[in-house]
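Down below is the structure, laid out as structure tokens.
The values are calculated or read from the model by the stated rules, or taken from the named source; none is laboratory data. The structure presented is a predicted model; accordingly, all values stated were derived computationally and were not measured. Note: ideal-geometry Cβ built from the backbone for every residue, glycine included; neighbour counts use all protein chains shown. These area figures cover heavy atoms from the full protein model, side chains too; ligands, DNA and RNA do not enter into them. Shrake-Rupley method; radii C 1.70, N 1.55, O 1.52, S 1.80 Å.
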Amino acid sequence: MKRKPTIDDVAREAGVTKGTVSHVFNGHRPISETTRQRVIDTAAKLGWVPNSSARALAAKRCNAIGIVLARDPQVLHSDMFFSVFLSGVESVLVKSEVALVLQMVSDRQAEARAYRSMYQGRVDGFIVLDLTYSDWRIDLLRELEASVVLVQSSNDNQAPDFSSVWVDDRAPMRTLVRTLKTRGHHRVAHISGPLRYVHSNERVISYLDETGTDEFLREGNFTAESGLKLTRELLSLEQPPTAIIYSNDVMAIAGLSYAQSIGMSIPEDLSIAGFDDDPISVHLNPPMTSVSTNAYERGQLAAEQLLAVIQGGTPQSIEVQRPKVRWRKSTEGTMLD
């Protein structure tokens, strides 16, 4: 008896993966018209018809989306960005009764395993944070043929076949440095986040463009410990900075506290600004200038885009409202050298 054709035969003949054949017939993910037609023609040529029960099972969704975070739990414990971002995500998911599956991982191997295992019947797609340049996860997610939304720090989309939600991280840094310079600060420092992240680099690029020097640039890791250590290092210089911009409020608060502990007055002796506009920033003494990065809106847009892609929508690149500097008393002083 002649062997019945299988989905593997169709995939091999059409030059695509078995997953692509499945997606063409169950509508789980958008497929280009050229590829779709080639798969349909190949199936017809071989006489292959997808099993109705298998097609129904494949089309069944998990009603869950995933986020995999390769971050130190200590950072998540103290950094308000993630809790606000996740609140934005949940505000959208709850309306559709879709669950959020969040997994913490310790290294790249564990991260890859998490994406693979989660996409095998646990989630319908992913929101991807903390992009790096030439991010290895993009190829993995393409291999999985997963529905994806990238949360980016520029419109330089590494993967135009994926949806993205992006924000201009350079603009607020430019505003901070220029304003501090007009207030008499000629030695403005920046304690960045890890430079492997695109968003940290975007801020550093803007900082260097405005200051013209990396003399007062230090790389932190978003923890209070790194904020304190690097503030101590900067203030120990023979000619220390008169203003410091931190890449999150956790580091900034630690730096402000250290400066006050050694007798410095804020902002008369040192101006301080952070990022993410943690609610506690306004209650400090003095209230601290910080950049509102619209984390809640970013979470909402990312969730909306991912649900749209899962339903078969076309990938889009959407800009979030530009971050806004919230000026407060920690930067009101003027330092003239």
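So here's what we get for this one:
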read-out: Test: Ser290 is small (Gly, Ala, Ser), outside any helix (DSSP H, G or I), under 26 Å from Ser83 (Cα atoms) and within 23 Å of the chain's Cα centre (by Cα); value: yes
read-out: Members of region 223-233 that are surrounded by fewer than 21 Cβ atoms within 10 Å (Cβ to Cβ) and either more than 23 Å from the chain's Cα centre (by Cα) or of a type in the set (Gly, Ala, Ser) (or both); value: Leu228, Lys229, Arg232, Glu233
read-out: Criterion: at negative phi and buried (at least 24 other Cβ atoms within 10 Å of the Cβ) - qualifying residue of Leu284, Leu237, Leu306; value: Leu306
read-out: Any hit, region 149-158, residues being within 14 Å of the chain's Cα centre (by Cα) and loosely packed, with under 14 Cβ neighbours inside 10 Å; value: yes
read-out: Residues being open to solvent by 90 Å² or more (accessible area, probe 1.4 Å) and either modelled with pLDDT of 85 or more or not in a loop (DSSP other than H, G, I, E, B) (or both) - total across region 1-54; value: 7
read-out: Residue list for region 106-148, restricted to those being in contact with a helix residue (DSSP H, G or I) (Cβ under 9 Å, 6 or more places away or on another chain), more than 24 Å from Glu202 (Cβ to Cβ) and surrounded by 14 or more Cβ atoms within 10 Å (Cβ to Cβ); value: Ala112, Tyr115, Tyr119, Asp124, Gly125, Leu144, Glu145, Ala146, Ser147
read-out: Some residue of region 109-118 being part of a loop (DSSP other than H, G, I, E, B), over 15 Å from the mean Cα position of the chain (by Cα) and modelled with pLDDT of 90 or more; value: no
read-out: Qualifying residue in region 259-266 (condition: part of a loop (DSSP other than H, G, I, E, B) and modelled with pLDDT under 95); value: no
